[in-house]
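Below is one structure; the comments refer to it alone.
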């Protein structure tokens, strides 16, 4: 396949009926137009126009070829217009990938507002806790809760992802409240199995020292909401992201524990493939989420209110 410039020159000649007029329309010299036409005819192995000193007329082959050229050039112009249209304003199909719990608890509500704000964007949301290859899957943007180290993706942090220990008032009444991370060895702890080291909890003390603690418990799951519900029922001590536990803490169904000892933090990121031009629909989506969650995010504001009581 050759570039479209020769087709465009030939189409201009056919429409103008003159090499001189075609050159004027294309802002080219007459000799340049003539050379383009001669090279095209040589490549095709056919004469496309009959020339005389004042005008040109299409040969039979030229007439057939012009019909195809006209359609091809029209489609090319339409393609460029479509790209310009999509790049001009947020519109089109937006494929989003996100973790299950965060998606159901926070993205669902956010997407309702986003859809109202951008009615020309169709959102296709996929929720999964599996790590998806964005390029292979055709995903435009993903929400990931991670440290984003050594990634080939472009990332923008939307909010911190803090974790907190909590337990129900009933559990604490029966088993007592831990005063130090080492006390957790004597408690039933909820274990999140997708963590890099599920049974190893690490804390940073107020003096900056690290406190690793091996914990165990009778409830293990790959879903934080399942563990939260088990903790609310009084089964044991929960370590969950605050975006999962905040409502239960706000309502008093769970009590924050060991808040002076810091757990490792991650970030909630919007990530997308490394492309030169970020489309308006992706940019609009990321900006919307950033504003929707807030700084600090609304779930941490609720917990801070509880801690300040």
Any chance you could list the semi-axes, whole Å, largest first, of the equivalent ellipsoid that the Cα gyration tensor gives for the stretch 256-309, using √(5λ)?
32, 14, 5
Using alpha carbons only, what's the Rg to Rh ratio of the stretch 5-88 with Rh from Kirkwood?
1.04
Mean Cα-pair separation over length for the stretch 5-88, i.e. relative contact order, pairs under 8 Å, 6 or more apart, %:
29 percent
Separation of the residue 122 and residue 73 label points, Cα + 7 Å toward Cβ, nm
3.3 nm
For residue 177 and residue 200, calculate 0.36 nm times their separation in residues minus their Cα-Cα distance, and state this gained length in nm to one decimal.
6.3 nm
Got the relative contact order for the stretch 15-160 handy, in percent, Cα pairs under 8 Å and 6 or more residues apart?
18 percent
Counting pairs of alpha carbon atoms under 8 Å apart in space and at least six apart in sequence, what relative contact order in percent does the stretch 163-257 give?
43 percent
How many percent of Cα pairs in the stretch 163-257 exceed 20 Å?
30 percent
Using only C-alpha atoms and all pairs of different ones, pull out the Kirkwood radius for the chain in Å with one decimal.
24.3 Å
Between helix 280-293 and the chain: long-axis angle, C-alpha atoms, 0 to 90°, nearest 10:
20 degrees
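Neighbour counts of other C-beta atoms within 10 Å: give me 7, 219, 177, 190 arranged from fewest to most.
So the residues, fewest neighbours to most, are 177, 219, 7, 190.
Coordinate-derived values only; no laboratory data. Just so we're clear, the structure is a prediction, and the values are computed from it rather than from any experiment. For neighbour counting, all protein chains shown are included, and Cβ atoms are generated from backbone atoms with ideal geometry for every residue, glycine included.
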